[in-house]
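In what follows, a structure is listed as C-alpha cells, so that the remarks can point back to it.
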Amino acid sequence: MADSTAQRRTLVTGGAGFIGSHLVERLLARGDRVTVIDDFSTGRRENLDPVRATPAGATRLRVINDAASAGLARLDPRDFDEIYHLAAAVGVRLVIEEPIRTIETNVHEASAVLRFAAETRVPLLMASTSEVYGKNAKTPFSEDDDVTYGPTIFSRWSYACSKAIDEYLSLAYHAQHGLPVTVVRFFNTVGPRQVGRYGMVLPRFVRAAMRGEPLDVHGDGTQSRCFCDARDSVPALMKLLDGGRFAGQIFNLGHDEPITILALAELVKRTLGSSSPVRLIPYSEAFAPGFDDLLVRQPDLRRIRAAIGFRQTITLESTIRDIAAELALHPEADAPEMAAPTNRPKEAR
C-alpha cells in the first residue's frame, strides 16, 4: 500500500457512471490523485467533463477506457491507497434484455478487483444493491435479513443473484486473506447525471414531464421506493471506506422514507408545473411476461447512522428540479431508452 503520509491515490471503477462521477468529483476536491477505469458501456464521458474542466481534474485525474479487469492488468495495486468498485451492469431494462452481460460483468469484474486489491490488502469498497434482498417480505430491510429470489426462469433476478455473489466473494476475501473490504447496498439513488435509458424511474419521469409526454408508471403504481440523492450518498461512501475501519461489514445506504411510484409521478408533475398525463403500463408490456417486482423496498438505516451519523439533506423536490435543470442544459444527455424486447407491444413503448 502507498505511504499514508503522501497524497492519497484512489482508484474508481465505473467512475464515469452517475454515482461514480459524483464520487470522482468529491475525491478530487479532497485532494486525491484519482484513476478511473470505465468502458463507457453505461457510464458517460460527459459525466466527467465538468471534472476534467477543473484544475484538479486536469492534473490529478487519469481515465482508462476499458473494462475493470482489463484496466487493472495495466496497473499496480501498490500505487493505490483506496479502491471503490462501482462498475456494474445496472438498470432493470438492461438486466431483462441482456442477462448474460449482467451476470458476467457483475461477477467477473468484481472478482478481478478483489484479486487485485488482495495483493496488497488495499482498502476496498464494494458497491452492492438493495436488489440482493430479493422478494423478502420483511420491512424495512436490515443487513442481516434472509433473502428470497424468484425462479431462475425469470432473468429479472439474475442481477440480485450476481450482486449477492459479489458480496459472498468480498466477505470471503476478508475472511481468508484479510482484505479490508466494506460492502455498501445502494437503495434507489437519484440525482443529476442519472439517465432513464436503462429504466431508472425518476429521470424518465422528469424527461417526460418536461416534454409534456405521458409519465409511464409500471404496474398499478402502488409499489413504493425510497430515493436518496447521490450527493448525499457519495460522502457516506468516503466515510465508510476511510482506511478500512469498517472492513468486513455490510451497510444499507439510502433514504428510509418511502413514496409510491404513482405519488412520485404526481410529485414530479407538481414540482415542474407539468400537465403531462400519468399512464399505467402493465409490467408484462413494460418489461416481459412474468416480470416480478417488490411492493415495498425500504432500508433499515440504524447501522449506517450508528457508524457515521448518516442522514439525508437533499429533498426529493430539489433533486427533481436539479435533474430538470441539467436536462434543460443538456437535452441530449438522456437519449431514448434501449430497444424494447420483441414481445413488448409497440404501442406500449
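The values are calculated or read from the model by the stated rules, or taken from the named source; none is laboratory data. Here the structure is a predicted model, which means the values were calculated and not measured. As a convention, Cβ positions derive from the backbone with ideal geometry for all residues, glycine included, and neighbour counts pool all protein chains shown.
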request  = Identify, from the list THR35, THR59, THR54, the residue that is surrounded by fewer than 19 Cβ atoms within 10 Å (Cβ to Cβ), touching a residue at least 24 places away in the same chain (Cβ under 8 Å) and either in the same structural domain as GLU98 (by TED's automatic domain parsing) or not basic (Lys, Arg) (or both).
outcome  = THR54
query = Any idea how many residues of region 63-81 are closer than 24 Å to ASP49 by Cβ and either of a type in the set (Asp, Glu) or not in a helix (DSSP H, G or I) (or both)?
reply = 7
query = So ALA56 fits all but one of (1) at pLDDT 95 or above; (2) touching a Leu at 6+ places or on another chain (Cβ under 7 Å); (3) over 22 Å from PHE187 (Cβ atoms); what number is the exception?
reply = (1)
Filtered residues of region 194-209 (kept if in contact with an Asp or Glu (Cβ under 9 Å, 6 or more places away or on another chain) and at pLDDT 95 or above) = PRO203, ARG204, PHE205, VAL206, ARG207, ALA208
task = Evaluate the following for GLU104: is it in contact with a helix residue (DSSP H, G or I) (Cβ under 8 Å, 6 or more places away or on another chain) and assigned to a helix (DSSP H, G or I)?
result = no
request  = Name the residue, out of VAL95, VAL113, that is assigned to a helix (DSSP H, G or I), touching a strand residue (DSSP E or B) at 6+ places or on another chain (Cβ under 6 Å) and either at pLDDT below 90 or crowded, with 18+ Cβ neighbours inside 10 Å (or both).
outcome  = VAL113
Boolean, VAL90 is more than 22 Å from SER158 (Cα to Cα) and either of a type in the set (S, T, N, Q) or buried (at least 21 other Cβ atoms within 10 Å of the Cβ) (or both) = no
ask   = Out of all the residues in region 73-125, which are hydroxyl-bearing (Ser, Thr, Tyr) and either within 17 Å of THR35 (Cα to Cα) or over 22 Å from the mean Cα position of the chain (by Cα) (or both)?
value = TYR84, THR120
note = Pairing a residue in region 163-176 that is assigned by TED's automatic domain parsing to the domain that holds VAL90 with any residue that is assigned to a helix (DSSP H, G or I) and β-branched (Val, Ile, Thr), where Cβ atoms lie under 6 Å and the two sit 6 or more apart in sequence or on different chains, gives LYS163/VAL132; ALA164/VAL132; ILE165/VAL107
task = Being in contact (Cβ under 8 Å) with a residue 24 or more places away in the chain, of a type outside the set (Gly, Ala, Ser) and surrounded by fewer than 18 Cβ atoms within 10 Å (Cβ to Cβ) is the filter here, so list the residues in region 295-307 that pass it.
result = LEU295, VAL296, ASP300, ARG302
request  = Would you point out which residue out of ILE261, ILE323 is under 21 Å from the mean Cα position of the chain (by Cα) and over 30 Å from ILE153 (Cβ atoms)?
outcome  = ILE323
inquiry  = Against the definition (crowded, with 20+ Cβ neighbours inside 10 Å, among the aliphatic types (A, V, I, L, M), closer than 30 Å to GLU119 by Cα and in contact (Cβ under 8 Å) with a residue 12 or more places away in the chain), how does LEU264 come out, yes or no?
reply    = no
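Residues checked against (1) out of contact with any helix residue (DSSP H, G or I) (no Cβ under 7 Å at 6 or more places or on another chain); (2) part of a helix (DSSP H, G or I); (3) within 30 Å of TYR173 (Cα to Cα); (4) without any contact (Cβ under 8 Å) to a residue 12 or more places away in the chain:
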| residue | (1), (2), (3), (4) |
| --- | --- |
| ALA208 | yes, yes, no, no |
| VAL217 | no, no, no, no |
| LEU237 | no, yes, yes, no |
| GLY248 | no, no, yes, no |
| ARG279 | yes, no, no, no |
